[in-house]
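Novice: Just passing along the structure, written as structure tokens.
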Amino acid sequence: MDELKIASETTQFIVINLGDEQYGINIKYVDNIVRMTHITRVPKVDSYFKGVINLRGEVVPVMSIRVKMGLPEDEFTKSTRIIIIKLDQQGYIGVIVDEVKEVVTLDNDQIEKVSYETKDEKGNFISGVGKCKDGLISLLDLNMVVPENS
């Protein structure tokens, strides 16, 4: 019975790099990971929207998490990837990351929730911090990172 309890209290995260920091994206939102490809620019959109890509016949908007979080502009390398995220309300959206590292499984007791003083603060991109063998992983709250009007 303990084995069933442990299995239900774990969550898998894809660990990504943005600059020198490690972030985790809940794997249940990840549809696909693709190599950097040509992004068609779209006029008059927010600066963090880089444009759209054609993914198997679907037009998918692509955004830069770095720019959205106030980090320096993306520098594309051979490690740069676009993670295709599927959210219930917004549909598919691609997010540019510097590198995809690994998939980690964290127990709920390895995750510390982050609470913010104000609910309306726009910079609340982190939902918690995961503790694993390689150190700490900031867990992204995709509902705060991905804009609702995408």
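Novice: For Gln22, are the conditions met, namely being out of contact with any Cys (no Cβ under 8 Å at 6 or more places or on another chain) and open to solvent by 70 Å² or more (accessible area, probe 1.4 Å)? Steps first, answer last, please.
Specialist: Numbers: out of contact with any Cys (no Cβ under 8 Å at 6 or more places or on another chain): yes; open to solvent by 70 Å² or more (accessible area, probe 1.4 Å): no.
In short, no.
Novice: Another one. Is it the case that some residue within the stretch 38-61 is touching a Leu at 6+ places or on another chain (Cβ under 9 Å) and not aromatic (Phe, Trp, Tyr)?
Specialist: If we filter the stretch 38-61 for residues that are touching a Leu at 6+ places or on another chain (Cβ under 9 Å), which is where we start, we get none.
No, every residue in the stretch 38-61 fails to be touching a Leu at 6+ places or on another chain (Cβ under 9 Å) and not aromatic (Phe, Trp, Tyr).
Novice: Quick check on this structure: which one of Glu102, Glu112 is surrounded by fewer than 13 Cβ atoms within 10 Å (Cβ to Cβ), closer than 23 Å to Gln12 by Cβ and at pLDDT 90 or above?
Specialist: Working: Glu112 fails: at pLDDT 90 or above.
Residue meeting the stated conditions: Glu102.
Novice: So, in the stretch 55-65, how many residues would count as being open to solvent by 30 Å² or more (accessible area, probe 1.4 Å) and touching a strand residue (DSSP E or B) at 6+ places or on another chain (Cβ under 8 Å)? Can you show your working first?
Specialist: So the first thing to find is which residues in the stretch 55-65 are open to solvent by 30 Å² or more (accessible area, probe 1.4 Å), and the list is 56-59, 61.
Filter once more, keeping what is touching a strand residue (DSSP E or B) at 6+ places or on another chain (Cβ under 8 Å): 58-59, 61.
Residues in the stretch 55-65 being open to solvent by 30 Å² or more (accessible area, probe 1.4 Å) and touching a strand residue (DSSP E or B) at 6+ places or on another chain (Cβ under 8 Å): 3 in total.
The values are calculated or read from the model by the stated rules, or taken from the named source; none is laboratory data. Source: prediction; values computed, not measured. Cβ coordinates were reconstructed from backbone atoms using ideal geometry, including for glycine residues, and neighbour counts include every protein chain displayed. Just so you know, the surface numbers come from the protein's heavy atoms only, side chains and all, with ligands and any DNA or RNA stripped out. Shrake-Rupley method; radii C 1.70, N 1.55, O 1.52, S 1.80 Å.
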